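Q: Please read through the structure below; I'll follow up with questions.
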Amino acid sequence: MAREASASAQADMKEFDAVVVGAGFAGMYMLHRLRGLGLTARVFEAGDGVGGTWYWNRYPGARCDVESLEYQYGFSDEIQRGWTWTERYAAQPEILRYQNYVADRLDLRRDIQFETRVTAATYDERAGLWTVETDRGDRVTARFCVMATGCLSAARVPDFPGLGDYEGEWYHTGDWPHAGVDFTGKRVGVVGTGSSGIQSIPLIAEQASHLTVFQRTANFTLPAGNRPLAREEIEKSKETLLDDRAHARTTPGGIICFEYNETLAADMTPEERYRELDKRWHQGGFAFLGAFGDLMASPEANDVAADYARAEMRKVIRNPAVVDILLPDDHPVGVKRLCLDTHYLETFNEPHVDIVDVRAAPIERITPKGIVSGGKEYEVDCIVFATGFDAMTGALNSIDITGRNGTKLREKWAAGPRTYLGLGSAGFPNLFFITGPGSPSVLSNMIVSIEQHVDWISDCIRKLTAGNIRSIEARPDAEDQWVEHVNELASATLYPQANSWYMGANIPGKPRVFMPYTGGVGVYGEKLAEVAAADYEGFTLGS
Ligand code: FAD
Ligand code: NAP
């Protein structure tokens, strides 16, 4: 009864201490921490449930690529002990169930307004308040505004001419129908062979009468080695999760199921290098990228790993006509996200599965009956676009964010995102980004990075509130130095050598800037702690 009364009071309320946009892992935890500070908060979420990525990406085969025992919240012993994962890499329905379990345990939904998209956020400097507007006509104010909008939440279908006239059904992996899709007996075309394509293609092939995969870039992919979890490893994880998480926060990737070998490739014999690669390839997961200390920085070291990977991939492909198409040859291994698969390459051994190389002959248009590439029409009953996202900046730039003096975030970021620490941007007081550009974010176990940011932001808000400090804002000089530092670090790696979404290269016209911070979660966490301890050095505090 008391809860209902309080829920209805919140529904009418137009002023909050904080507004949070998004109810994925980030927004859910942010809400929990804001409540813990005794603040009022409203979360707006475009979907009709919690979960974010795992609410939207319901395509067949969707599962995590960071192991389930690490891809979970680590802030509550009670919560983690109350949940039992079943597989090494949990599938989407299980992850979404977990998020709903957390929402239940923390009673989160009463402060989340679902099916509501935030369209604008405007800072009123005199009042020191953000006004947040939605597509449902809401207009609320808040002192703090936290963007938990997700790095991979703006699904993108390329602008193919003719799609509007296509007579079949089409889907994007990142906006999959809740009821599922039955491809039985259908001719299906899948466009895209990133992680989403690579996870879904084997399962779509099981149902389709014929499958045509349209591939622009061949990707490095290795067997995930998914399996049911054993009772003992689950129990052990429950005992150690909080300590493990503290350890994970000190590592480069926020992951502890493997260690990085610090020895440089040149200091190992060819046999030692092979043994290290072979062990890690068969371990499954991202361990492979930690085989040598310089795998992501030295072209020679990377070549050794890439050659090994291609040789392993080649072993699986029995159809000689497709080997050269499926083996990646135009980028170093790891600089586009390494894909983990379950029988992906094997799928192309099936007689009803074809691959079309659209690198040489790009998709020209969609016709009422299918897809045209290289002047040839491929007739299909359904098209699946596994074509990815306007990553890292897409969701933020689709909100009309106006800071001090009428500065528009999307104009400020026209040549690429500019942040201090990935947490805030000069000219936008009291606006926080969770896992924003300029932070480790998508190069890490994202739940570790989300918790790192939410904890920092909560602590900051607590100190501002306690000290009667009205605002916090990144200083332009600190931001410039940080952007330069992030660029310098990235250019010392091989990452900028690929046309990846990390670089914005998948979106025509998007500036080519390497967006995440490559220095690692541990080093980055030390920097965050130093900044907070030095009274938020690099930020201006307004009274
Ligand atoms: P999201 O989960 O993306 O949630 C953001 C939410 O904000 C969405 O629900 C969206 O609807 C909402 N939103 C955005 N804009 C607005 C607006 N204007 N108004 C209202 N609501 C809005 N990371 C890993 O570390 N390991 C993995 O194994 C892994 N697997 C992945 C698999 C897939 C298929 C994808 C797409 C990503 C994966 N990621 C993985 C990255 C994943 O996005 C993060 O791990 C994590 O789920 C992000 O949580 P989040 O809350 O920051 O963002
Ligand atoms: P993605 O990695 O960006 O892949 C998109 C694919 O579509 C690429 O193969 C791309 O080719 C292709 N494509 C895009 N536009 C095209 C066009 N006009 N013509 C032809 N092909 C086109 O997107 P994603 O697979 O959805 O994955 C995005 C990220 O989400 C991943 O990197 C990962 O971080 C996360 N994710 C994780 C998992 C997991 O395993 N847990 C699963 C899915 C997603 P190019 O490469 O040439 O651009």
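Q: All but one of (1) surrounded by fewer than 24 Cβ atoms within 10 Å (Cβ to Cβ); (2) modelled with pLDDT of 95 or more; (3) within 30 Å of ILE204 (Cβ to Cβ); (4) in contact with a strand residue (DSSP E or B) (Cβ under 9 Å, 6 or more places away or on another chain) hold for PHE385; state the number of the condition that does not hold.
A: (1)
To keep it simple, each residue is scored yes or no on (1) surrounded by fewer than 20 Cβ atoms within 10 Å (Cβ to Cβ); (2) under 25 Å from GLY519 (Cα atoms); (3) touching a Cys at 6+ places or on another chain (Cβ under 7 Å).
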residue	(1), (2), (3)
ALA395	no, yes, no
LEU409	no, no, no
THR419	no, yes, no
LEU423	no, yes, no
LEU431	no, yes, yes
GLU451	no, yes, no
ILE457	no, yes, no
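Q: Given HIS172, HIS247, HIS178, which one is without any contact (Cβ under 8 Å) to a residue 40 or more places away in the chain and either touching a Pro at 6+ places or on another chain (Cβ under 7 Å) or within 28 Å of GLY52 (Cα to Cα) (or both)?
A: HIS247
Q: Do we have ALA155 as of a type outside the set (Asp, Glu), within 17 Å of ASN506 (Cα to Cα) and touching a helix residue (DSSP H, G or I) at 6+ places or on another chain (Cβ under 6 Å) here?
A: Yes; evaluated as a whole, the condition is true for this residue.
Q: Sticking with this one: List the strands (runs of 3 or more DSSP E) that sit entirely inside segment 353-465 and contain at least 1 residues that are within 16 Å of ligand 1 (Cβ to nearest atom).
A: In segment 353-465, the matching strands (runs of 3 or more DSSP E) lie at 382-385, 400-402, 431-433.
Q: Please state which of the following conditions THR342 fails to meet, knowing it meets all the rest: (1) within 16 Å of ligand 1 (Cβ to nearest atom); (2) under 13 Å from ASN219 (Cβ atoms).
A: THR342 satisfies all of (1) within 16 Å of ligand 1 (Cβ to nearest atom); (2) under 13 Å from ASN219 (Cβ atoms) except (2).
Yes or no, residue by residue, for (1) away from ligand 2 (no atom under 16 Å from the Cβ); (2) without any contact (Cβ under 8 Å) to a residue 40 or more places away in the chain; (3) among the hydroxyl-bearing types (Ser, Thr, Tyr); (4) under 30 Å from ALA426 (Cα atoms):
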site: GLY74; (1), (2), (3), (4): yes, no, no, no
site: ILE79; (1), (2), (3), (4): yes, yes, no, no
site: LEU96; (1), (2), (3), (4): no, no, no, no
site: ARG105; (1), (2), (3), (4): yes, yes, no, no
site: ASP111; (1), (2), (3), (4): yes, no, no, yes
site: THR119; (1), (2), (3), (4): yes, no, yes, yes
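Q: Right, here's the next one. Condition (residue is surrounded by fewer than 22 Cβ atoms within 10 Å (Cβ to Cβ), farther than 15 Å from ARG418 by Cβ and more than 16 Å from ligand 2 (Cβ to nearest atom)) applied to segment 498-519: is it met by at least one residue?
A: Within segment 498-519 (the criterion being surrounded by fewer than 22 Cβ atoms within 10 Å (Cβ to Cβ), farther than 15 Å from ARG418 by Cβ and more than 16 Å from ligand 2 (Cβ to nearest atom)), the answer is yes, since at least one residue qualifies.
Q: If you go through segment 55-74 one residue at a time, do you hit one that is in contact with an Asp or Glu (Cβ under 6 Å, 6 or more places away or on another chain), on the phi > 0 side of the Ramachandran plot and not aliphatic (A, V, I, L, M)?
A: no
Q: Next question. Might you let me know whether segment 156-165 holds any residue that is farther than 16 Å from ALA23 by Cβ, within 16 Å of ligand 1 (Cβ to nearest atom) and in a loop (DSSP other than H, G, I, E, B)?
A: Within segment 156-165 (the criterion being farther than 16 Å from ALA23 by Cβ, within 16 Å of ligand 1 (Cβ to nearest atom) and in a loop (DSSP other than H, G, I, E, B)), the answer is yes, since at least one residue qualifies.
Q: Working only within segment 15-32, note down all residues that are within 8 Å of ligand 1 (Cβ to nearest atom) and farther than 19 Å from ILE95 by Cβ.
A: VAL21, the sole residue that qualifies.
Q: Another question, if that's okay. Of all residues in segment 408-449, count the ones that are closer than 17 Å to HIS485 by Cα, among the aliphatic types (A, V, I, L, M) and within 16 Å of ligand 2 (Cβ to nearest atom).
A: Number satisfying all stated conditions: 1.
Q: Tell me which residues, restricted to segment 336-349, are surrounded by 17 or more Cβ atoms within 10 Å (Cβ to Cβ) and either part of a strand (DSSP E or B) or more than 30 Å from the chain's Cα centre (by Cα) (or both).
A: Answer for segment 336-349, where residues must be surrounded by 17 or more Cβ atoms within 10 Å (Cβ to Cβ) and either part of a strand (DSSP E or B) or more than 30 Å from the chain's Cα centre (by Cα) (or both): CYS339, LEU340, ASP341.
Q: Something else now. Determine which single condition HIS172 fails, assuming it passes every other condition in (1) more than 11 Å from ligand 2 (Cβ to nearest atom); (2) surrounded by 17 or more Cβ atoms within 10 Å (Cβ to Cβ); (3) over 28 Å from ALA287 (Cα atoms).
A: In the conditions (1) more than 11 Å from ligand 2 (Cβ to nearest atom); (2) surrounded by 17 or more Cβ atoms within 10 Å (Cβ to Cβ); (3) over 28 Å from ALA287 (Cα atoms), HIS172 misses (1) alone.
Q: Pairs please, first residue from segment 224-239 and under 12 Å from GLN80 (Cβ atoms), second anywhere and not in a helix (DSSP H, G or I), Cβ atoms under 6 Å, 6+ apart in sequence or on different chains.
A: Between residues of segment 224-239 that are under 12 Å from GLN80 (Cβ atoms) and residues that are not in a helix (DSSP H, G or I), the close pairs are ILE234/THR84; SER237/LEU69.
Q: Of these, ASP329, ASP381, which one is within 16 Å of THR193 (Cα to Cα) and out of contact with any Phe, Trp or Tyr (no Cβ under 7 Å at 6 or more places or on another chain)?
A: The conditions single out ASP329.
Q: Looking only at helices (runs of 4 or more DSSP H) that fall completely inside segment 188-305, which ones have 1 or more residues that are surrounded by fewer than 21 Cβ atoms within 10 Å (Cβ to Cβ) and in contact with a Cys (Cβ under 9 Å, 6 or more places away or on another chain)?
A: In segment 188-305, 270-283 are the helices (runs of 4 or more DSSP H) which contain 1 or more residues that are surrounded by fewer than 21 Cβ atoms within 10 Å (Cβ to Cβ) and in contact with a Cys (Cβ under 9 Å, 6 or more places away or on another chain).
Q: Yes or no: segment 444-459 includes at least one residue that is without any contact (Cβ under 8 Å) to a residue 12 or more places away in the chain and either of a type outside the set (D, E, K, R) or out of contact with any strand residue (DSSP E or B) (no Cβ under 7 Å at 6 or more places or on another chain) (or both).
A: Within segment 444-459, none of the residues are without any contact (Cβ under 8 Å) to a residue 12 or more places away in the chain and either of a type outside the set (D, E, K, R) or out of contact with any strand residue (DSSP E or B) (no Cβ under 7 Å at 6 or more places or on another chain) (or both).
Q: Let me ask another. Looking at GLU94, GLU67, GLU115, can you tell me which residue is within 11 Å of ligand 1 (Cβ to nearest atom) and surrounded by fewer than 21 Cβ atoms within 10 Å (Cβ to Cβ)?
A: Among GLU94, GLU67, GLU115, only GLU115 is within 11 Å of ligand 1 (Cβ to nearest atom) and surrounded by fewer than 21 Cβ atoms within 10 Å (Cβ to Cβ).
Q: State the number of residues belonging to segment 492-533 that are small (Gly, Ala, Ser), closer than 20 Å to GLU451 by Cα and without any contact (Cβ under 8 Å) to a residue 60 or more places away in the chain.
A: Of the residues in that region, 2 qualify.
Q: Which one of these does TRP413 not meet: (1) within 19 Å of THR122 (Cα to Cα); (2) crowded, with 22+ Cβ neighbours inside 10 Å; (3) of a type in the set (Phe, Trp, Tyr)?
A: Evaluating TRP413 over (1) within 19 Å of THR122 (Cα to Cα); (2) crowded, with 22+ Cβ neighbours inside 10 Å; (3) of a type in the set (Phe, Trp, Tyr) leaves (2) as the failure.
Q: For the list (1) surrounded by fewer than 17 Cβ atoms within 10 Å (Cβ to Cβ); (2) closer than 29 Å to ALA91 by Cα; (3) touching a Lys or Arg at 6+ places or on another chain (Cβ under 9 Å), I need the number of the one condition that ARG314 fails.
A: (3)
The values are calculated or read from the model by the stated rules, or taken from the named source; none is laboratory data. Owing to the predicted nature of the structure, the values given are computational and were not obtained by experimental measurement. Heads up, the Cβs are rebuilt from the backbone with ideal geometry, glycines too, and the neighbour counts pull from every protein chain shown.
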